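Asks: One structure follows; several queries about it will come next.
The values are calculated or read from the model by the stated rules, or taken from the named source; none is laboratory data. Bear in mind that the values here come from a model prediction, so they are computed numbers and not experimental data. Cβ placement follows ideal geometry from the backbone for every residue including glycine, while neighbour counts extend to all protein chains displayed. Protein only, heavy atoms only, side chains kept; ligands, DNA and RNA dropped before computing areas. Shrake-Rupley method; radii C 1.70, N 1.55, O 1.52, S 1.80 Å.
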Amino acid sequence: MLRVGVIGCGGMGKDHIKRLTNKIQGAEVTAVSDVFEESAKQAAAICGAKVYTDANELINDPDVDAVFIVSPGFAHVESLLTAIKAGKRIFCEKPLCTTAEDCLKVVEAEVASGKHLIQLGFMRRYDKGYMQVKEALTSGEYGEPLILHCTHRNPEVGTNYTTPMAVHDTAIHEIDVLHWLVDDEYESAQVIMPKVTKYSHSELKDPQIMLLRTKKGVCIDVEVFVNCKFGYDINCEVVCEDGAIKMPSPIYPSIRKNAAVSTTIDTDCFVRFKDAYDTEVQDWVDAAAEGAINGPTAWDGYLAAITADALVKAQETGAVEKINAAVEKPEFYK
């Protein structure tokens, strides 16, 4: 039984505690931590865990085998470095850290430890649709991937959502899953700003078209439209040399009524990717017995950070921005 300590007991933290307690096989939550003690106590009531207000104390608890980090992004780096030093297995919700520099510190610390300890919470790699596309690409039957067409549409966002958040909070998922799909890393980024929807506000340019080019020359366009109004609509098509692979939509019945045919579109990301969240956590727990990490790594978190930085810069300049890692990919992650 993997004894897990959860750091961060907000909404997503509580969701993961419920998941680990009620759905996941082979794990139990033995400790929880939050800077707000009342939040930690509420979370502990779900699973009967010990309560901490200091994440470092939780990490060093001998009754904790593995650490599950769901705290705000700015707090990740300290918890990650402490857990690596303690030799604890780690699941960290995105982002790995809020700066590329801190991400690189974590990468270097993990490499120095000599152990694969960190899995990053990019759940789309565990979505059935994306997995089917990956399987088709890996088969080689359709030749090399050439172009990807993708959309990330949300019904609406609040007035606190600003232009850079279209990268950091929204397209960050595409940044990870798309380079995994084509087994490549990014070379450049550009952002095109179309006419702004009437549903936006002065601090948000919406929609946006984000263009990425990989080192092997694959060109990717991602439409990010966070006030589309009609639903949470995620699409991905890969155009290859010998065919095109389109990710299937979630299966809902086709309804005929009032002289129209309709099919449901999800309106919530946690509904759309509910199964993927469950699958990624179960895989992380199952792989613990072998000391393996099967999902996104700390290096993937670093790549996401430098790519996001380039896209945000491109939002401001309109130019094609280069994406350059400060170091070569360590053999440790190959």
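Asks: For the range 162-173, enumerate the residues that are more than 13 Å from the chain's Cα centre (by Cα) and surrounded by 22 or more Cβ atoms within 10 Å (Cβ to Cβ).
Replies: Ala166
Asks: From the list Thr159, Thr151, Thr98, which one is under 30 Å from Phe225 (Cα atoms) and surrounded by fewer than 16 Cβ atoms within 10 Å (Cβ to Cβ)?
Replies: Thr159 is the lone residue from the list that is under 30 Å from Phe225 (Cα atoms) and surrounded by fewer than 16 Cβ atoms within 10 Å (Cβ to Cβ).
Asks: Could you tell me whether Asp63 is touching a residue at least 24 places away in the same chain (Cβ under 8 Å), part of a loop (DSSP other than H, G, I, E, B) and open to solvent by 20 Å² or more (accessible area, probe 1.4 Å)?
Replies: Judged against the criteria, Asp63 is a match.
Quick grid of which residues meet (1) within 18 Å of Phe122 (Cα to Cα); (2) surrounded by fewer than 24 Cβ atoms within 10 Å (Cβ to Cβ):
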site	(1), (2)
Arg3	no, yes
Met12	yes, yes
Thr30	no, yes
Ser33	no, no
Glu38	no, yes
Ala49	no, no
Leu58	no, no
Val67	yes, no
Phe74	yes, yes
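Asks: Can you pull out every residue in the range 189-234 that is more than 23 Å from Ala305 (Cβ to Cβ), surrounded by 15 or more Cβ atoms within 10 Å (Cβ to Cβ) and in contact (Cβ under 8 Å) with a residue 60 or more places away in the chain?
Replies: Passing the criteria: Phe225, Asn227, Cys228, Gly231, Tyr232, Asp233.
Asks: Residues of the range 286-332 being part of a helix (DSSP H, G or I), in contact with a helix residue (DSSP H, G or I) (Cβ under 8 Å, 6 or more places away or on another chain) and of a type in the set (Val, Ile, Thr), which ones?
Replies: Ile306, Thr307, Val312
Asks: Check Gly217 against each of (1) at positive phi; (2) part of a helix (DSSP H, G or I) and name the one condition it does not meet.
Replies: The one condition Gly217 does not meet is (2).
Asks: Just for the range 112-145: of the residues that are open to solvent by 80 Å² or more (accessible area, probe 1.4 Å) and not small (Gly, Ala, Ser), which one is nearest to Ala83 (Cα to Cα)?
Replies: Here is the first cut: in the range 112-145, the ones open to solvent by 80 Å² or more (accessible area, probe 1.4 Å) are 112, 115, 128, 131-132, 135, 138, 141, 144.
Filter once more, so that each one left must be not small (Gly, Ala, Ser): 115, 128, 131-132, 135, 138, 141, 144.
Numbers: Lys115: 12, Lys128: 31, Met131: 30, Gln132: 34, Glu135: 34, Thr138: 34, Glu141: 43, Glu144: 40 Å.
So, considering only residues that are open to solvent by 80 Å² or more (accessible area, probe 1.4 Å) and not small (Gly, Ala, Ser), the one nearest to Ala83 (Cα to Cα) is Lys115.
Asks: In the range 276-333, what residues are farther than 24 Å from Phe91 by Cα and open to solvent by less than 30 Å² (accessible area, probe 1.4 Å)?
Replies: Those that are farther than 24 Å from Phe91 by Cα and open to solvent by less than 30 Å² (accessible area, probe 1.4 Å): Ala310, Leu311, Val312, Ala314, Gln315, Glu321, Ile323.
Asks: Something else about it: Please identify the pairs in which a residue from the range 47-58 that is in a helix (DSSP H, G or I) has its Cβ atom under 9 Å from the Cβ atom of a residue that is buried (at least 22 other Cβ atoms within 10 Å of the Cβ) and among the acidic types (Asp, Glu), counting only partners at least 6 apart or on another chain.
Replies: That search, which allows pairs on different chains as well, returns Ala55/Asp34.
Asks: Identify the residue in the range 174-188 that is touching a strand residue (DSSP E or B) at 6+ places or on another chain (Cβ under 7 Å) and not aliphatic (A, V, I, L, M) and, among all such residues, is most open to solvent (accessible area, probe 1.4 Å).
Replies: Within the range 174-188, the match that is most open to solvent (accessible area, probe 1.4 Å) is Glu187.
Asks: Read through the list (1) within 28 Å of Tyr302 (Cα to Cα); (2) open to solvent by less than 30 Å² (accessible area, probe 1.4 Å), then give the number of the only condition that Ala43 fails.
Replies: With respect to (1) within 28 Å of Tyr302 (Cα to Cα); (2) open to solvent by less than 30 Å² (accessible area, probe 1.4 Å), Ala43 is out only on (1).
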